[in-house]
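The values are calculated or read from the model by the stated rules, or taken from the named source; none is laboratory data. Quick caveat, the model's predicted, so the values are computed rather than measured. Here the Cβ positions follow ideal geometry from the backbone for every residue, glycine too, while neighbour counts run over all protein chains shown.
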Amino acid sequence: MSRTKRKLDHINHALSSKIVNTNGLEDITFVHQSFPETSLNSISIESEYNILKLGAPLFINAMTGGGGKATEGINAQLAEIANSLHIPIAVGSQMAALKDNSQRASYEIVRKNNPRGLVFANVGSEATIDEALACVEMLEADALQIHMNTIQELVMPEGDRDFKGALSHIGKIVEKLHIPVIVKEVGFGMSRETAEKLLENGVECLDTGGKGGTNFSLIENARREKQLPFFDEWGISTAASLVEVKAAGVPHIAASGGIKTSEDIAKAIALGGDMCGMAGQVLKWLQQSGQQAAHENLENVLSELKIIMTALGAKNISELQRVPLIISGDTYHWLQERGNS
Ligand code: FNR
């Protein structure tokens with residue numbers, strides 16, 4: 001199976017995949033306040049993630065590139081959206097461009113269409129230090145994402161089977177780079193133990209990539225003959241993962257995995273996220289309704305976020321991170337069991 005075909009398969013399956021897990025954010029309830037002492041037009045949603053300054057606590061998460069003109073077209077449109085909304089955008093894994101120079105354009109278009117905005121480069125943990133540096137340079141990137149996708153690899157017939165040494169290798173990449181290095185999951189969530197190990201290896205920026213949105217077990221199972229169905233419900237929900245990595249003391253937390261609405265974003269930030277990543281939902285809006293609709297939907301999500309913050313009495317993102325909330329249902333049960341209540 002060619003790499004290009006796989007990239008296109010991922011997009012098509014991500015668009016058609018059914019949802020079998022929730023992100024856990026339905027278990028979070030805000031505590032209503034009758035005297036919020038706020039006004040809608042004084043709400044600020046400007047945010048910070050490590051040294052990065054964001055117009056809003058939202059970014060378009062890593063999806064594509066490396067699949068020729070089709071993926072170049074998607075990245076071109078996503079980058080224009082990110083540029084006009086002043087939000088960061090990540091590209092999909094750039095390993096394809098390292099192996100085949102002709103694929104570079106499908107990534108470089110993101111910097112071209114978003115010349116002054118924040119762009120995140122993306123590699124797997126197998127990238128050498130020089131390869132990671134080359135990917136950052138390719139995009140003049142402001143941060144590097146390193147994806148951890150063990151389950152996806154195991155379900156992929158042609159995937160990796162050896163996961164030894166990744167942690168210390170990531171530590172070496174962090175040491176060498178002078179921009180934030182964000183270690184991310186791709187929809188199976190991160191535990192407290194994972195976060196602690198990353199912190200020990202010098203990683204201070206994580207993306208939870210929790211369960212409840214795009215499901216790479218379903219996507220890869222749909223592409224193979226002999227299924228591994230036990231991975232379809234595997235993982236830590238986005239809500240539980242946020243509490244776990246916060247408890248580990250991670251200083252810079254990106255919340256992602258099934259983020260679709262303003263309410264999801266508000267809750268994920270209240271649980272400790274500094275910014276939220278959206279992948280599958282943006283792809284759906286773009287592919288099913290077009291660039292203008294995707295832009296308008298994201299803009300709407302951000303104006304609704306301000307309305308929610310007004311009701312909660314949270315004038316800015318750091319106040320939203322401290323609003324009282326109630327955790328119930330499966331997420332409550334999970335956190336009790338894990339001693340995180
Ligand atoms: C992804 N994702 C991803 N992540 C990554 O680090 N490198 C990659 O190349 C890709 N490729 C990719 C392709 C497609 C089509 C999708 C939908 C997603 C994972 C993505 O960044 C994110 O972690 C997960 O999709 C979970 O977020 P959502 O989709 O539930 O918002």
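Which residue pairs have Cβ atoms under 7 Å apart, sit 6 or more places apart or on different chains, and have a first residue in the range 198-209 that is without any contact (Cβ under 8 Å) to a residue 60 or more places away in the chain and β-branched (Val, Ile, Thr) and a second that is crowded, with 17+ Cβ neighbours inside 10 Å and assigned to a helix (DSSP H, G or I)?
As it stands, the answer is Val203/Ile170; Val203/Val174, since those pairs meet every condition given.
Is it the case, given these coordinates, that Glu263 is surrounded by 19 or more Cβ atoms within 10 Å (Cβ to Cβ) and at negative phi? Let's see the steps before the verdict.
Values: surrounded by 19 or more Cβ atoms within 10 Å (Cβ to Cβ): no; at negative phi: yes.
Taking the combined requirement at face value, the residue does not satisfy it.
Show me the strands (runs of 3 or more DSSP E) entirely contained within the range 1-74 in which 2 or more residues are touching a strand residue (DSSP E or B) at 6+ places or on another chain (Cβ under 6 Å).
Values: elements: 28-30, 47-49, 52-54, 58-60.
Fully inside the range 1-74 and qualifying: 28-30, 47-49, 58-60.
Restrict the check to the range 207-225 and report whether at least one residue is under 21 Å from Lys53 (Cβ atoms), within 14 Å of the ligand (Cβ to nearest atom) and part of a strand (DSSP E or B).
Restricting attention to the range 207-225, the residues satisfying the condition of being under 21 Å from Lys53 (Cβ atoms) are 207.
Remaining after also requiring within 14 Å of the ligand (Cβ to nearest atom): 207.
Subsequent filtering for residues that are part of a strand (DSSP E or B) retains 207.
Looking through the range 207-225, at least one residue is under 21 Å from Lys53 (Cβ atoms), within 14 Å of the ligand (Cβ to nearest atom) and part of a strand (DSSP E or B).
Name the pairs: first residue in the range 1-21 and of a type in the set (A, V, I, L, M, F, W, C), second residue modelled with pLDDT under 90, Cβ to Cβ under 7 Å, at least 6 apart or on different chains?
So the pair list comes out as Met1/Glu158.
Tally the residues that are part of a helix (DSSP H, G or I) and either under 26 Å from Met148 (Cα atoms) or in contact with a strand residue (DSSP E or B) (Cβ under 7 Å, 6 or more places away or on another chain) (or both), restricting the search to the range 82-99. Walk me through how you get there before you give the answer.
As a first pass, look at the range 82-99 and keep what is part of a helix (DSSP H, G or I): 82-85, 95-99.
This time we only want the ones that are either under 26 Å from Met148 (Cα atoms) or in contact with a strand residue (DSSP E or B) (Cβ under 7 Å, 6 or more places away or on another chain) (or both), so: 82, 95-99.
Residues meeting the conditions: 6.
Of the conditions (1) within 20 Å of Leu298 (Cβ to Cβ); (2) touching a Lys or Arg at 6+ places or on another chain (Cβ under 9 Å); (3) away from the ligand (no atom under 16 Å from the Cβ), Val119 clears all except one; give me its number.
(3)
Go through the range 231-274 and give me each residue that's within 15 Å of the chain's Cα centre (by Cα), hydroxyl-bearing (Ser, Thr, Tyr) and away from the ligand (no atom under 11 Å from the Cβ).
Selection gives Ser237, Ser241, Thr261.
Which residue, of Leu118, Leu198, Leu177, is closer than 30 Å to Leu228 by Cα and modelled with pLDDT of 95 or more?
On the way: Leu118 fails: closer than 30 Å to Leu228 by Cα; Leu177 fails: closer than 30 Å to Leu228 by Cα.
The conditions single out Leu198.
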